[in-house]
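Student: The structure that follows is given in the form of structure tokens.
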Amino acid sequence: MLTTNSHFIKSIPCIVLLLLIGCKNPEKTGLSKQALIEKKVDSTLALMTLEEKASQMLNIGLPTLLTGDYWGAREHVDFDAEKFKKYVMDHNVGAIHNTPGYLLNTKEWHDVIKTIQDSALQKSRLKIPILYGIDNIHGANYVKGSVMFPHEIALAATWNPSYSESCGAISSYESRAASLPWSYNPNADIAASPLWGRIAESFGEDPYLVSEMTTAYIRGSQGKGLSDKTSTAVCVKHFLGYGAGRNGKDRANAIIPENDLREYFLPPFEKAVEEGAMSIMISSNAVNGIPCHINKYYITDLLKGELGFNGVVVSDFSDVEFLVEAHQSAKNKREATKMAVNAGLDMLMNPYDDDVVNIIVGLVENKEIPISRIDDAVSRILRLKFQLDLFETPYTSPTDYPDFGSKKHIDQNYKAASEAITLLKNENSVLPLKKDRKILVTGYASNSINVLNGAWSRSFLGRETKYNDATKPTILDAIKKEVGASNVDYVAGTDYLNDINSDLAVKKAKNADYIVICVGEIPATEKPSDINELDLPKAQQNLVKKLAQLNKPIILVMVQGRPRIIRDIEPLAQGIIMAYLPGQEGGRALSDVLFGKINPSGKLPYTYPKFSGNYLPYYHKKTDIRDVNWGYDGFYPQFEFGFGLSYTTFEYSNLQISTDSLVGSDTLNISVDIKNTGNRPGKEIVELFIKDLVATRSPDSKKLIRFDKIPLEPNTSKTIEFNITSKDLESIGIDNHWVVEDGRFEIQIGGHPQKLLKRTFNYNAE
């Protein structure tokens, strides 16, 4: 209950209104825009009671405001009048997240948000708008009719940050068309194990590639400024080490020494902060046995201190109470809240009720949480709301977004999917396929939009077929459209785990010239994506083995968020394509690659393992690859990081460096010639690695420091130049600081991990 007197309550709205009107135009105040926002934050904070501050720290789930059970099935939004008044008007909570449990269009979302914001701005005491957050994982995926892009792992496979940027921009535009201003994306986690199901939502295993794609996404989402009505505030996740669970499972404890933390896991978040990210979500797991939600060193010392982050630090779903239930690091929710807030958490995603509000109030009154910590948290939350201009524009009109779901957006989505697709094998140039041949299409992924889209597609798991867009073709549909239905036979063959009619597939294949087998994963994320073995399910492998006995060309198309072991069936396929989770336009893009309309140009953003028990990232140590004969031949992936073929060929030559001895802060210029030696246009990804030949802390096999994607016409050449400095040579030393030691380094450059051109040079600090 509020403790202020009624006269003060009635006067507050007028005071706030005068403050906002007086500070609306920076040119009239002489203040910069940011200084003006800080003035508004301070003025608003000064008027707030402790209860109101604690309420701003609450991020509650939308279903809590509705009639019925939180997870109950719904077909329309019915607000529970009593709960709505309690959370929106009386408490004026800081944020709301989640969906009502079914798919809404832009008008329906607008009406929901308008109802919430009108009540908050007109009927709460201080009239503070509510921040609404949503999981825009690969597009505005919870808005009916929106464009759903390839998942982040596929965007990373393009090695083209412009697609990550356009994904961010279009996702933000289409999200704001639904009045949703806050996106829980991008994922800046380093995917340390392919067992981790959320690798599909990541940009892969490499810190530099992850950093480049993450910052590009942020530019797309926020580049016009948060007050722009086509921008959304990103919430970068998950800080820190979420993708490094020791057992490869979601939310599992990770063991990360400080030097590895700084070398691999921290850099993408540092770049995200530099790019202007204004909210960051804390990792659900523990690192070295310490839950990230109570790790003051991570949140306060590293993120807010060392990286200078001044945005909002938000918990993940129910993760404060999970400190009791899962981590067993707190005896009750009161203790968990105390530990998390004192560690630096600003906003608690407490979906089901508002008990943390009273808990926070009690802890402050009992001097167990300093009021300065609360004021810091609330200032950050208010700052984000002012930056988003929610006080002036709490919702937007769908009619102001004519490009929502437009052909322009669809075309960009198609291009991203096309450039992501990675050709891994093309024996005897079996691809592209000839159109005048008979084709059998089979396999679990061959006739499913849901498998193409993956998780977070209209529903959490992405398995609801009722939300699928009937205008989007499956792989089968697209192939039929390309060559004619009369030239295509289809047999499902298997589902995800079981044989359905593989014998019928063999029978039909006898009349086919080509066999296109589309294997894949069941849509899943978070805990449902946990698996116990990395091998592709046996039923799907057996389908390949049965069909291979016919000695006809097999094209294996893999539609999956992570690499699955294909060691036994790889030799049976003449062509292998990695499609990742390509999204709505994936069927069309895959067909166009199969038949040569698109020349594939994607490359792997992770190391593709050959054995479940022998996974190493490309930047392993030499001692990691000691083999049973004491040699150094223990790194044998199925396909290496950065690998990908084309329908044309590229030749590298004339690697030049500007000096053999780099001194101090000087710049080293590197140039190389690339020629398209094939007979069709193509795009090549030029990868530049550095290798420290001797270092006190054992050096990595190599480290990606630059890349560029270039188009080349047949029989044409281009010279590519990169400039690097000593900063690019640095690694984390034995004292856990970035350092570059005097010595010899090797430049490695090319487009094929096993055919890199190399030059060495010396580095001297002085």
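FYI, it's all coordinate maths here, none of it is from the lab. Since the model is a prediction, treat every value here as computed from it, not as a measurement. Neighbour counts run over all protein chains shown; Cβ positions are idealised from the backbone, glycine included.
Student: If the cut-off is a Cα-Cα distance under 16 Å, which lysines reach Lys229, setting aside same-chain residues fewer than 8 apart in sequence?
Tutor: Within the straight-line cut-off, Lys229 pairs with Lys114, Lys385.
Student: Quick check: the angle from helix 161-176's long axis to the longest principal axis of the chain, C-alpha only, nearest 10 degrees?
Tutor: Computed tilt is about 40 degrees.
Student: Using 1/(1 + (r/R0)^6) with R0 = 45 angstrom and r between the beta carbons of Glu258 and Lys114, what's the FRET efficiency to the nearest 0.05?
Tutor: Efficiency computed from Cβ-Cβ geometry: 0.40.
Student: What is the antiparallel percent of DSSP beta bridges lying wholly in the chain, to the nearest 5?
Tutor: 55 percent
Student: Right, next: Using 0.36 nm per residue of separation minus the Cα-Cα distance, give me the extension gain between Asp708 and Val430 in nm, one decimal.
Tutor: Once the chain is fully extended between Asp708 and Val430, it gains 97.3 nm.
Student: Helix 6-22 versus the longest principal axis of the chain: what is the Cα-based angle in degrees, 0 to 90, to the nearest 10?
Tutor: 50 degrees
Student: By how many degrees, between 0 and 90 and to the nearest 10, does the Cα long axis of helix 371-387 differ from the longest principal axis of the chain?
Tutor: The angle comes out at about 70 degrees.
Student: Evaluate E = 1/(1 + (r/R0)^6) for Asn501 and Thr67, where r is the Cβ-Cβ distance and R0 equals 60 Å; express this FRET efficiency to the nearest 0.05.
Tutor: Between Asn501 and Thr67 the formula returns 0.85.
Student: Quick check: convex hull over the Cα atoms of segment 473-522, volume per residue in Å³, rounded to an integer?
Tutor: Per-residue hull volume (Cα only) is 76 Å³.
Student: Compute, for the chain, the length of the dipole vector about the Cα centre, with Cβ point charges of +1 (Lys, Arg) and -1 (Asp, Glu) only. Units Debye, rounded to 20.
Tutor: The calculated dipole for the chain is roughly 1520 debye.
Student: A further question on this structure: Starting from the Cα-Cα distance between Asp535 and Asp411, subtract it from 0.36 nm times their residue separation and give me the gain in nm to one decimal.
Tutor: 41.2 nm
Student: So for segment 390-519, Kirkwood radius off the Cα pairs, Stokes-Einstein at 25 °C and 0.890 mPa s: how many µm² s⁻¹?
Tutor: 140 µm²/s
Student: I'd like the distance between the alpha-carbon centres of segment 422-446 and segment 330-381, rounded to an integer number of Å.
Tutor: One Cα centre to the other: 57 Å.
Student: Give the calculated FRET efficiency between Glu570 and Thr623 to the nearest 0.05, with a Förster radius of 22 Å applied to their Cβ-Cβ distance.
Tutor: 0.20
Student: Related question: What order do you get for 161-168, 305-312 when each peptide is scored by the mean count of other beta carbon atoms within 10 Å, highest first?
Tutor: Result, highest mean Cβ count within 10 Å first: 161-168, 305-312.
Student: Let me ask something else about it. Using alpha carbon centroids, what distance separates segment 708-763 and segment 273-328, in Å?
Tutor: 34 Å
Student: Still on this structure, I have one more. Largest first and in whole Å, what are the equivalent-ellipsoid semi-axes of segment 100-160 based on the Cα gyration tensor, each being the root of 5 times an eigenvalue?
Tutor: The equivalent ellipsoid of segment 100-160 has semi-axes of 32, 14, 8 Å.
Student: Turning to a different aspect of this structure: Shape verdict for segment 267-407, please, from the Cα gyration tensor: rounded (a/c under 1.5), prolate (a/b greater than b/c) or oblate.
Tutor: prolate
Student: Going by amide H atoms built from the backbone, whose H comes under 5 Å of the H on Phe650, apart from near neighbours?
Tutor: Thr677
Student: For the chain, with the dipole built from +1 on Lys and Arg beta-carbon atoms and -1 on Asp and Glu ones, taken about the Cα centre, which of Ala177, Ile299, Ile734 lies farthest toward the positive end?
Tutor: Ala177
Student: When you count, for each residue, the other Cβ atoms within 10 Å and take the mean per peptide, how do 315-321, 135-141 rank with the highest first?
Tutor: 135-141, 315-321
Student: Let me ask something additional. Using the basic label-point model (7 angstrom from Cα toward the beta carbon), what is the Ser671 to Tyr297 distance in nanometres?
Tutor: 4.8 nm
Student: Here is a follow-up. Within segment 404-434, find all residues whose amide N lies under 12 Å from a label point positioned 7 Å from the Cα of Arg680 along Cα-to-beta-carbon.
Tutor: Those under the cut-off are 429-434.
Student: Amide H neighbours of Leu536 under 5 Å, at least 5 residues apart or on other chains, H built in the peptide plane: list them.
Tutor: It is Ile565, by chain and number.
Student: Where the centre of each part is set by its Cα atoms, how far does segment 139-160 sit from segment 505-562, in angstrom?
Tutor: 24 Å
Student: Tally Lys/Arg at +1 and Asp/Glu at -1 over every other residue whose Cβ is under 11 Å from the Cβ of Thr67; what's the total?
Tutor: So the environment of Thr67 carries a net charge of -2.
Student: Right, here's the next one. Using DSSP to define loop residues, name the trypsin sites (Lys or Arg not before Pro) in segment 334-404 whose beta-carbon has at most 16 other beta-carbon atoms within 10 Å.
Tutor: Taking segment 334-404 and a limit of 16 other Cβ atoms within 10 Å, the loop trypsin sites (Lys or Arg not before Pro) found are Lys367.
Student: Give me the dipole magnitude in Debye, nearest 20, for segment 626-698 about the Cα centre, with unit charges on the beta carbon: positive for Lys and Arg, negative for Asp and Glu.
Tutor: The dipole of segment 626-698 has a size of about 180 debye.
Student: On a 28 Å Cα-Cα criterion, which of the cross-link pairs Lys408/Lys603; Lys40/Lys331; Lys415/Lys718; Lys237/Lys527 come out too long?
Tutor: Lys40/Lys331
Student: With 25 Å as the limit, write out which pairs from Lys296/Lys367; Lys39/Lys224; Lys86/Lys304; Lys85/Lys224 have Cα-Cα distances beyond it, or answer none.
Tutor: Pairs exceeding 25 Å: Lys86/Lys304; Lys85/Lys224.
Student: Now for a separate question. Using the Karplus curve 6.51 cos²θ - 1.76 cosθ + 1.60 with θ = phi - 60°, what ³J(HN,Hα) values do you get for each residue of segment 179-195, in whole Hz, with x for Gly and Pro?
Tutor: Taking θ as phi minus 60°, the curve returns 6, 9, x, 9, 10, 7, 5, x, 9, 9, 5, 7, 7, 7, 8, x, 5 Hz for segment 179-195.
Student: Okay, moving on. Using only alpha carbon pairs under 8 Å that are at least six residues apart, calculate the relative contact order of the chain and give it in whole percent.
Tutor: Relative contact order for the chain comes out at 12 percent.
Student: Give Lys597/Lys683; Lys249/Lys466; Lys552/Lys597 a once-over and call out the pairs whose C-alpha atoms are over 21 Å from each other.
Tutor: Lys249/Lys466; Lys552/Lys597
Student: Taking the Cα centre of segment 276-416 as origin and charging only Cβ (+1 Lys, Arg; -1 Asp, Glu), how large is the dipole, in debye to the nearest 20?
Tutor: 300 debye
Student: If you add up the charges near Tyr444, with Lys and Arg at +1 and Asp and Glu at -1, over every other residue whose beta carbon is less than 10 angstrom from its beta carbon, what do you get?
Tutor: Net charge in that neighbourhood comes out at -2.
Student: Given that compact globular proteins tend to follow 2.2 N^0.38 Å, what is the ratio of the alpha-carbon Rg of segment 685-762 to that value?
Tutor: 1.25
Student: Hey, what number do you get for the chain at 222 nm if only DSSP H runs of n ≥ 4 count, each worth -39500 (n - 2.57), divided across all residues, to the nearest 500?
Tutor: After summing the helix terms and dividing by residue count, I get -8000 deg cm²/dmol.
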